[in-house]
Number of protein chains: 8
Amino acid sequence: MKDAAVVGILMGSDSDWPVMEQAAKTLQSFGVAWEAHVLSAHRSPQLVRRYASNAASKGIKVILAGAGGAAHLAGVVAAHTILPVIGVPIESKNLKGLDSLLSTVQMPKGVPVATVAIDNATNAAILAVQCLALSQPALQRSLTVYKRKLSLATQTADRKLSRSA
Amino acid sequence: MKDAAVVGILMGSDSDWPVMEQAAKTLQSFGVAWEAHVLSAHRSPQLVRRYASNAASKGIKVILAGAGGAAHLAGVVAAHTILPVIGVPIESKNLKGLDSLLSTVQMPKGVPVATVAIDNATNAAILAVQCLALSQPALQRSLTVYKRKLSLATQTADRKLSRSA
Amino acid sequence: MKDAAVVGILMGSDSDWPVMEQAAKTLQSFGVAWEAHVLSAHRSPQLVRRYASNAASKGIKVILAGAGGAAHLAGVVAAHTILPVIGVPIESKNLKGLDSLLSTVQMPKGVPVATVAIDNATNAAILAVQCLALSQPALQRSLTVYKRKLSLATQTADRKLSRSA
Amino acid sequence: MKDAAVVGILMGSDSDWPVMEQAAKTLQSFGVAWEAHVLSAHRSPQLVRRYASNAASKGIKVILAGAGGAAHLAGVVAAHTILPVIGVPIESKNLKGLDSLLSTVQMPKGVPVATVAIDNATNAAILAVQCLALSQPALQRSLTVYKRKLSLATQTADRKLSRSA
Amino acid sequence: MKDAAVVGILMGSDSDWPVMEQAAKTLQSFGVAWEAHVLSAHRSPQLVRRYASNAASKGIKVILAGAGGAAHLAGVVAAHTILPVIGVPIESKNLKGLDSLLSTVQMPKGVPVATVAIDNATNAAILAVQCLALSQPALQRSLTVYKRKLSLATQTADRKLSRSA
Amino acid sequence: MKDAAVVGILMGSDSDWPVMEQAAKTLQSFGVAWEAHVLSAHRSPQLVRRYASNAASKGIKVILAGAGGAAHLAGVVAAHTILPVIGVPIESKNLKGLDSLLSTVQMPKGVPVATVAIDNATNAAILAVQCLALSQPALQRSLTVYKRKLSLATQTADRKLSRSA
Amino acid sequence: MKDAAVVGILMGSDSDWPVMEQAAKTLQSFGVAWEAHVLSAHRSPQLVRRYASNAASKGIKVILAGAGGAAHLAGVVAAHTILPVIGVPIESKNLKGLDSLLSTVQMPKGVPVATVAIDNATNAAILAVQCLALSQPALQRSLTVYKRKLSLATQTADRKLSRSA
Amino acid sequence: MKDAAVVGILMGSDSDWPVMEQAAKTLQSFGVAWEAHVLSAHRSPQLVRRYASNAASKGIKVILAGAGGAAHLAGVVAAHTILPVIGVPIESKNLKGLDSLLSTVQMPKGVPVATVAIDNATNAAILAVQCLALSQPALQRSLTVYKRKLSLATQTADRKLSRSA
């Protein structure tokens, strides 16, 4: 039987899935149970509100929200929950995600959205794991291993590439 | 007895009033009844939803919404009503309203926000009057007079300033 | 016999049609009669003026204007009419529509252009329908249906995509 | 008796005069007759058109146009004349003239506006003198003197400031 | 006796304290023990590394880092710890914090910085409390109260300001 | 025998020719004699200086200069001549011409560069023709014809595209 | 036997090599010994510190560092060495290198990074050679030759392209 | 008797001295002889060329150049010398130095300008000292001391500010 999801992955449109899927894969690799939903702050606001309001009580600990353009999803979710909300600004066609970034990060006092780089859903997942790890030593160990692997991957890349003349 | 408001003027914070008050004054000068409220998409989302959902049934025809930074107010209102929503991006301290503008205007397909210039609440009011005038010939005449006055004011300015050498 | 157009769709160049056609299709789906014209604020200014000045008297209620770069079309139209003018900033080759957006939205006091997102002609049409609906209950019902469909489409996308692990 | 103006200095609002006055003073110093007018592309479009259409026939050779925000004045003037039109983007309150600059310079093929730096009306005047000088040898000599003075002023500044340690 | 700090507040320069102090005050109001340090990624990199490397073992759970310009502090801290790192882009003199924001948020895969709005240290503190609250029910209750107060403050502002005509 | 060139077309690199060639073709169509050269403000500064210094005496009336990135060519040419210098900001690979535009247009007092839109060499040529036309009635007539053709082309496009439903 | 490297070429990821390789090739052409390494400020910070701290003692004279996005590599290297550090902002996918540029160049007082154009690793190499040439007359001669070749290449391009009509 | 200057500090206008003076003071504190001059790429181009061309032969080793707006000074100097040229983008009134930065840093292949942060002339001086130190061990020791002082100043600031609660 699957574990109940502890991370909710929301996105404004199914076209955001190729980006947000990276978050799902990353969480998976840490053994963190997740669920993904298409919920639009503008097209299905009631469902966003319902999801955000009920998330904590059904066991969700952290919510990731990806959206582009006038990206209101993360902010609207944050308005309805006290859980940490992590925003992923999705690249927009015309302004290349500058609009998505500013719409996600420039939140007013009292209602933060933890914003990561444009399209960087992997980092949203890592951040979620870091939050969860505060009370789960096993995840701390996994993060330490992950960090070491990042370093080793860089070192391997260096061994392959390093040269001189 | 006051007329029931036909234009709702919403703002995310009372600090936005000096800007949004221009809209109220402009509507007043056209004899259009209005009401103003502080409602925050992030701090009082339920009230925003309730206001937007009920606006039409209580006689509101057009909603103006001013907000700064990650300015979600106009977009969230638009999500809950089929009335025209006019967004006023309010100048933000750091990015001078570029964030407010992009957060307000770059709405996804299906949920428009009619956006005016940064801090230009006067124009939001004029736009509201133009919408109302579609079915109120008296307002059409007022707009024609207003337009003529704009032109005359420019001509007066020209008479005072025009010079040569 | 065709109904007389109530929405005018103007564009600065025929190369803008693929974008502006979305407005036409959207209006069509609401049963709103439209007409489309290529009129340039810079290359055929007299025709723009004539169109804008006569629009109201021939039955046009709302004008949509799409243009790119130093996008003056919507502003020039707005200078010659008291009808609501909705501006669609068209993506420009070099600056990706930032120039089009600022040229369209940053109008001076007294002469608003209701600006929508870059290339989002669909939203310009929805906005036009919202204005017309103020005095046409049938359009209000259509907008309500449209809004419900938007929500349902999101829910369908969610059903297809939602997953967990 | 005053000479007939050969340069027209237009501005969208009388609040632009402190900037545009620099153009007048510069032209004066070259002995080039000018006239200044407040004409708004949005508030008095007919007068703009009339001015631009008649300018050549009444002896105007070059038109300077200063405007801010969605700065359409120079472009609209250029639409109605074959005279060289020089645009001065005026600093706007919120976006510091970036909107004015892009609205002025990004003109479509066939209708150029010769754009100078934000608020740099002096340069607009120099450019006008350079155009007039093409057929007026006296102005060529004045420009040569002016250029030498610029150089000398820099050299004087250098003599005062140059130091070492 | 004071509790051991669970949140570390770092800043690149003591001139950042007026901004970061808001984070301290906010944490205080939640009864969350904090410590504040001036540590520069560029001027005292060894101390940054030492702080970040040892933070977890001495009881720090979340690190807030504020810096301006080429704001590397949060990123460098994140490189040395698996704790959640929250970045506060501090307004820079020339580019108004756009440089600070991009330098803080655009982190590469694997090393996230949870970025909040420019100068919004209050939100960094709230985010820290939200992370801590995941395993401390008392903080959850405090956040719920805080959220209610935000809403009430908006409602009070509305009562004072709301008007109609 | 060819006429002596009256317009000099300079570019910083031969890769700018596809853009600048449009200027040549446009001048050609007006019967204005031109010459084109690759001259770099950074790689062959002496030749730029020599060209600019001697241009007037060999019959050049207007100089067009196209360059990208830190686009100094037009400014350096303007430093060495009293002829009108028209700058064409060429699209740069990374910043899409924003750098080219600002480097070209933001000239200091006393040394203007008449800047046209990014990559719009056609307009640089038209502007040159407008300058020359001040003392050549035949060119005035050609410009009038050109302007009429622009208008007719728009009208033709309108006839093809205009539709309604 | 190879000479010991005097220039270190660092990059944050092996995907930066196609850009940074241009630096290697340029150094090669000047006979300057180099070495290249993949070292990440975020993934292998210890190795960055070690490299930067030891560079001078092992004979490195100048360090080039290329990175994209929140590009901290050059700044972190500069924090650990008194050698000149030259930063190459690498184009990022979404913001086209604007983030990389600002993250690299906007360093605080006391810790400079000599920044070159986005993706312009060739110029980073030339700059390194210019630094080395201060005490190596042979390199001065090579730079003089290089400069002459640049000029000749421009002149050749001019001979091929220059035309008139 | 004063030492011959080894660093040239150039600026486009005497109004740039308050910024560039920081470079002079910093060089002074390292005992590096300097000279300062007002030289404009646009107003006194011949003097710029002469200065740049002769700098090496009269003993100058590094040239610092500060300019604002379309900041061509550093680039033009670099065109005429093989010495390292360090560019200081000076804040401009309207665009806050973004124009100055892009005009200075985005140099084409072959002619680098080592660019520092907007208005950061101190860093230009440090960079110059780092270049000179490559062949002057005494300067290396001074830089090491300077770096230690930077760190100590941060530690002192930390001791004063560090607090907890």
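The values are calculated or read from the model by the stated rules, or taken from the named source; none is laboratory data. All figures in this text were calculated on a predicted structure; none of them were measured in a lab. No Cβ is skipped: glycine too gets one built from the backbone with ideal geometry, and neighbour counts run over all protein chains shown. Ligands, DNA and RNA are stripped out before the accessible areas are found, and what is left, the full protein with its side chains, is counted by its heavy atoms. Shrake-Rupley method; radii C 1.70, N 1.55, O 1.52, S 1.80 Å.
Please report Rg over Rh for the range H:34-76, where both radii come from the alpha carbon positions and Rh follows the Kirkwood definition. Spell out each step's value before the answer.
Working: Rg = 10.2 Å, Rh = 10.8 Å.
Value, to two decimals: 0.94.
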*asked:* Helix C:17-29 against the longest principal axis of chain C: what's the angle in degrees, Cα atoms only, rounded to the nearest 10?
replied: 60 degrees
*the range A:108-165: radius of gyration and largest Cα-Cα distance (Dmax), Å*: 16.3, 56
*Which whole number gives the average count of other chain Cβ atoms within 10 Å of the Cβ atoms across peptide B:62-70?*
4
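Could you state the accessible area per residue of chain E in Å², with a 1.4 Å probe and every protein chain left in place?
Normalised by residue count, the accessible surface of chain E is 33 Å².
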*Among the listed pairs A:LYS61/A:LYS96; B:LYS61/C:LYS61; C:LYS25/C:LYS147; A:LYS160/H:LYS109; H:LYS25/H:LYS147; F:LYS25/F:LYS96, give every one whose C-alpha distance is greater than 21 Å.*
A:LYS61/A:LYS96; A:LYS160/H:LYS109; F:LYS25/F:LYS96
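G:SER29 to H:ARG50: FRET efficiency via 1/(1 + (r/R0)^6), r the Cβ-Cβ distance, R0 30 Å, to the nearest 0.05? Before the final figure, lay out the partial values.
Working: r = 30 Å, r/R0 = 1.01.
Using R0 = 30 Å, I get an efficiency of 0.50.
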*Take the alpha-carbon positions of the range E:1-86, form their convex hull, and give its projected area averaged over all directions (one quarter of the hull surface) in nm².*
5.4 nm²
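Given Cβ point charges of +1 (Lys, Arg) and -1 (Asp, Glu) and nothing else, what value in debye, to the nearest 20, does the dipole of chain A about its Cα centre take? Walk me through the numbers before you get to the answer.
Numbers: 17 positive and 9 negative charges, 94 e Å.
Dipole of chain A, to the nearest 20 debye: 460 debye.
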_Quick check on chain B: take the gyration tensor over C-alpha atoms, sort the square-rooted eigenvalues as a ≥ b ≥ c, and tell me if it's rounded (a/c under 1.5), prolate or oblate._
oblate
*Return the carbon/sulfur percentage of the accessible area of the protein assembly as shown, one whole number, probe 1.4 Å, all protein chains in place.*
53 percent
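Hey, got the average number of other protein chain Cβ atoms within 10 angstrom for residues in H:120-128? Don't skip to the answer; put the middle values down first.
Values: counts 9, 1, 4, 10, 2, 1, 8, 8, 2.
Other-chain Cβ atoms within 10 Å of each residue's Cβ, averaged: 5.
Tell me, what is the Rg over Rh of the range A:55-97, with Rh the Kirkwood radius over Cα pairs?
Values: Rg = 11.9 Å, Rh = 11.0 Å.
We get a ratio of 1.08 for the range A:55-97.
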*Excluding residues on the same chain fewer than 8 positions from D:LYS58, give the lysines whose Cα lies under 19 Å from its Cα.*
D:LYS2
*For the pairing of chain B with chain E, what total accessible surface becomes buried, with a 1.4 angstrom probe, in square angstrom to the nearest 100?*
1700 Å²
*Run through all the Cα pairs of the range D:11-56 and give the fraction in each 10 Å bin from 0, expressed as whole percent.*
26, 45, 28, 1
*Residues of the range B:147-162 buried by at least 50 Å² on assembly (accessible area, 1.4 Å probe, chain alone as reference)*: B:LYS147, B:LEU150, B:THR154, B:ASP158, B:LEU161
*On Cα atoms only, tilt of F:121-133 relative to the major axis of chain F in degrees*: 90 degrees
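Given only helices, namely DSSP H runs of n ≥ 4 each adding -39500 (n - 2.57), what is the per-residue ellipticity at 222 nm of chain G, to the nearest 500 deg cm²/dmol? Numbers along the way, then the final one.
Working: 6 runs with 77 residues, N = 165.
Rounded to the nearest 500, the figure is -14500 deg cm²/dmol.
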*Quick one: net charge of C:ALA41's neighbours, Cβ under 12 Å, K/R +1, D/E -1?*
+3
_Size of charge dipole - the protein assembly as shown - debye, nearest 20, with Cβ of Lys, Arg +1 and Asp, Glu -1, no other charges_ = 0 debye
*Antiparallel bridge percentage (DSSP; both residues within the protein assembly as shown; nearest 5)*: 10 percent
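Let's see if you can work this out: charge +1 on each Lys and Arg Cβ, -1 on each Asp and Glu Cβ, no other charges. What is the dipole magnitude of the range A:1-71 about its Cα centre, in debye to the nearest 20? The partial results should precede the final answer.
Numbers: 7 positive and 5 negative charges, 53 e Å.
Roughly 260 debye for the range A:1-71.
Please report the projected area of the protein assembly as shown's Cα convex hull averaged over all directions, in nm².
Details: hull surface 202.1 nm².
Hull-based average projected area comes out at 50.5 nm².
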*asked:* Which one, G:ALA55, G:GLN22, G:SER100, is farthest towards the positive end of the dipole of the range G:1-148 when Lys and Arg carry +1 and Asp and Glu -1 on their Cβ?
replied: G:ALA55
*Longest exposed-loop-site-free stretch of chain G, with trypsin sites (Lys or Arg not before Pro), DSSP loop and at most 16 other Cβ within 10 Å?*
G:3-92
*What's the percent breakdown of Cα-Cα distances in the range C:70-127 across 5 Å bins, shortest bin first?*
4, 23, 30, 24, 14, 4, 1
*Got the relative contact order for chain C handy, in percent, Cα pairs under 8 Å and 6 or more residues apart?*
21 percent
